[in-house]
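Participant: Sharing a structure below in structure tokens format, with a few things to ask.
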Amino acid sequence: CMVRHYKFNVVMKNTSKLCSSKPIVTVNGKFPGPTLVAREDDTVLVKVVNHVKYNVSIHWHGIRQLRTGWADGPAYITQCPIQPGQNFVYNFTITGQRGTLWWHAHILWLRATVHGAIVILPKRGVPYPFPTPYKEEVVILGEWWKSDVEAVVNEAMKSGLAPNVSDAHTINGHPGPVSTCPSQGGFTLPVRSGKTYMLRIINAALNEELFFKIAGHQLTVVEVDAAYVKPFKTDTVLITPGQTTNVLLTADRNSGKYLVAAAPFMDAPIAVDNVTASATLHYSGTLSSVATTLTAPPPQNATPVATKFSNALRSLNSKKYPARVPLTIDHSLFFTIGLGVNPCATCVNGSRVVADINNITFVMPKISLLQAHFFNISGVFTDDFPGNPPIAYNYTGTQPTNFQTIKGTKVYRLAYNSTVQLVLQDTGMLTPENHPIHLHGFNFFEVGRGIGNFNPKQDPKNFNLVDPVERNTIGVPSGGWVAIRFRADNPGVWFMHCHLEVHTTWGLKMAFVVDNGKGPNESLLPPPPDLPKC
Ligand code: C2O
């Protein structure tokens, strides 16, 4: 294994999309940003230099950061932000992971344009558990606002209402040939007939779950969130913000051009941007004058398509890549997730939309939780995050009339190596919405999912404890639930939140504190000397 050095200069860059330009925050002037390539077991050092007027921090989404929580990146959770003119070296080792992950800014809404792929190759000489593809390609799905993204969210926070939706979705930075500005073209994937390609698909969009589809071609899913799955064929991939999906694409046509589409999925469309992003699959030798074969992605509310895809995912669970599902449970947690309304004197309606977990709307601290934890600084957080909702009710039926939530910086404490079962129940309060929940520092297993209220007596009988899919971000269905399990084998402070940026902003977030173990390699390492100060 080796040490890889990267330099990320955070700089403004004037960028043109949808036939209009604006300055955006980028890494090294690129949108999407540079791909970070490493092998399993490599150590990666990324020097981030902040040349913009905003505070910055970068998160390595899905990298486990075993004992190196200081390098995880969420601002005010594991570090104070890198201030303008300052820099910080993220130093971490990639342990026991290979596949596709991604990095993104983890402060304000900067991740709209500050994101890129992480490609982790298997150890040298170790093959993929599927035929080696002829070529590999990163495919990043994103969103584009014509106006300044920070202005959009600031306006929403002032008004107490929902922020404006984006003006387009993007594929590798481009709205594409089927958009309001076709003259700016789009991303083209050149292929040769008969060859197989691996697409490393990443959903970097701020606020939209997406369907991904290529006209006239089937896709074979082989990996999600840097964990191998039992390969299966599909014509549509469902991918939530935060998730990554590797698919094999066999170019089994002789020639032609085929449309690639990324379109939003939402059970209950409310203010959803329904602009489909497009790109082109182009067989070599095909004249550019040849018409593109179009494709129709599933409609926005195609829940059956989404459910079918989610249910098809299984861990590979081979001898070499066993699924290590915790079979006993130390902490059995039940979290309701949803939206609420809190009073707000200065807001448009005298109230603001908030979001919560177990009725707690998380309040960001002034210094990082990890520092407070490590240095025993009191008054920053309390470790009384409720493991169950404050009142039991019919979560998807008749609901309490009081939508008001409690504000607090509360964490849930776990002993080193304890096992956790967490049921995430969407309440469908206010509006029914899906929530892609992301847990930092761990992979977890999705042992069950269902629609309606979780039934603690019946549903666990049907849990899959053999080959459940392993991942770091899970789409909790609207008015439904998901049960996950993980082992708390990573000491530190670990953020868990909805990966729809608007919901995180509204407070749909919390953190786990995992205490040190007693063994020699079971404690959090000390902070790096250049850790930013608040
Ligand atoms: Cu990809 Cu806390 O996020």
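The values are calculated or read from the model by the stated rules, or taken from the named source; none is laboratory data. Since the model is a prediction, treat every value here as computed from it, not as a measurement. When we count neighbours, we look across all protein chains shown, and the Cβ atoms used for this are built from the backbone with ideal geometry, even at glycine. These accessible areas exclude ligands, DNA and RNA; they are computed on the full protein's heavy atoms, side chains included. Shrake-Rupley method; radii C 1.70, N 1.55, O 1.52, S 1.80 Å.
Participant: Going through the range 424-449 one residue at a time, which ones are among the polar types (S, T, N, Q), open to solvent by less than 10 Å² (accessible area, probe 1.4 Å) and either assigned to a strand (DSSP E or B) or within 16 Å of the ligand (Cβ to nearest atom) (or both)?
Facilitator: 425
Participant: Considering only residues that are out of contact with any His (no Cβ under 8 Å at 6 or more places or on another chain) and open to solvent by less than 10 Å² (accessible area, probe 1.4 Å), which ones fall in the range 79-108?
Facilitator: Within the range 79-108, 79, 80, 81, 82, 88, 90, 92, 94, 97, 99, 100 qualify.
Participant: In the list 255, 318, 284, which residue meets the criterion of being farther than 28 Å from residue 173 by Cβ and away from the ligand (no atom under 16 Å from the Cβ)?
Facilitator: Exactly one residue qualifies, and that residue is 318.
Participant: Given the criteria within 16 Å of the ligand (Cβ to nearest atom), more than 20 Å from residue 239 (Cβ to Cβ), touching a residue at least 40 places away in the same chain (Cβ under 8 Å) and hydrophobic (A, V, I, L, M, F, W, C), does residue 82 qualify?
Facilitator: Taking the combined requirement at face value, the residue does not satisfy it.
Participant: Here's something else I'd like to know. What's the number of the only condition in (1) touching a strand residue (DSSP E or B) at 6+ places or on another chain (Cβ under 8 Å); (2) over 20 Å from residue 357 (Cβ atoms); (3) not β-branched (Val, Ile, Thr) that residue 457 fails to meet?
Facilitator: Of the numbered conditions (1) touching a strand residue (DSSP E or B) at 6+ places or on another chain (Cβ under 8 Å); (2) over 20 Å from residue 357 (Cβ atoms); (3) not β-branched (Val, Ile, Thr), the odd one out for residue 457 is (1).
Participant: Here's a follow-up. Among the residues of the range 497-512, which ones are surrounded by fewer than 24 Cβ atoms within 10 Å (Cβ to Cβ) and within 10 Å of the ligand (Cβ to nearest atom)?
Facilitator: 501, 504
Participant: Out of everything in the range 99-131 that is part of a loop (DSSP other than H, G, I, E, B) and within 17 Å of residue 8 (Cα to Cα), what residue ends up being farthest from the ligand (Cβ to nearest atom)?
Facilitator: 113
Participant: State whether the residues of the range 313-329 include one that is among the aromatic types (Phe, Trp, Tyr) and assigned to a loop (DSSP other than H, G, I, E, B).
Facilitator: Scanning the range 313-329, I find at least one residue that is among the aromatic types (Phe, Trp, Tyr) and assigned to a loop (DSSP other than H, G, I, E, B), so the answer is yes.
Participant: Any idea which of (1) closer than 30 Å to residue 490 by Cβ; (2) surrounded by 15 or more Cβ atoms within 10 Å (Cβ to Cβ) is the one residue 125 doesn't satisfy?
Facilitator: Here residue 125 clears every test but (2).
Participant: Can I ask one more? Kindly provide the set of residues from the range 56-115 that are among the polar types (S, T, N, Q) and within 14 Å of the chain's Cα centre (by Cα), ordered by number.
Facilitator: If the condition is that a residue be among the polar types (S, T, N, Q) and within 14 Å of the chain's Cα centre (by Cα), then 100 is the only one that fits.
Participant: With surrounded by fewer than 21 Cβ atoms within 10 Å (Cβ to Cβ) and assigned to a strand (DSSP E or B) as the only criterion, which of 7, 53 stands out?
Facilitator: 7
Participant: Turning to a different aspect of this structure: Any idea which of 325, 341, 354 is more than 23 Å from residue 488 (Cβ to Cβ), touching a residue at least 60 places away in the same chain (Cβ under 8 Å) and under 25 Å from the mean Cα position of the chain (by Cα)?
Facilitator: Result of the check over 325, 341, 354: 354.
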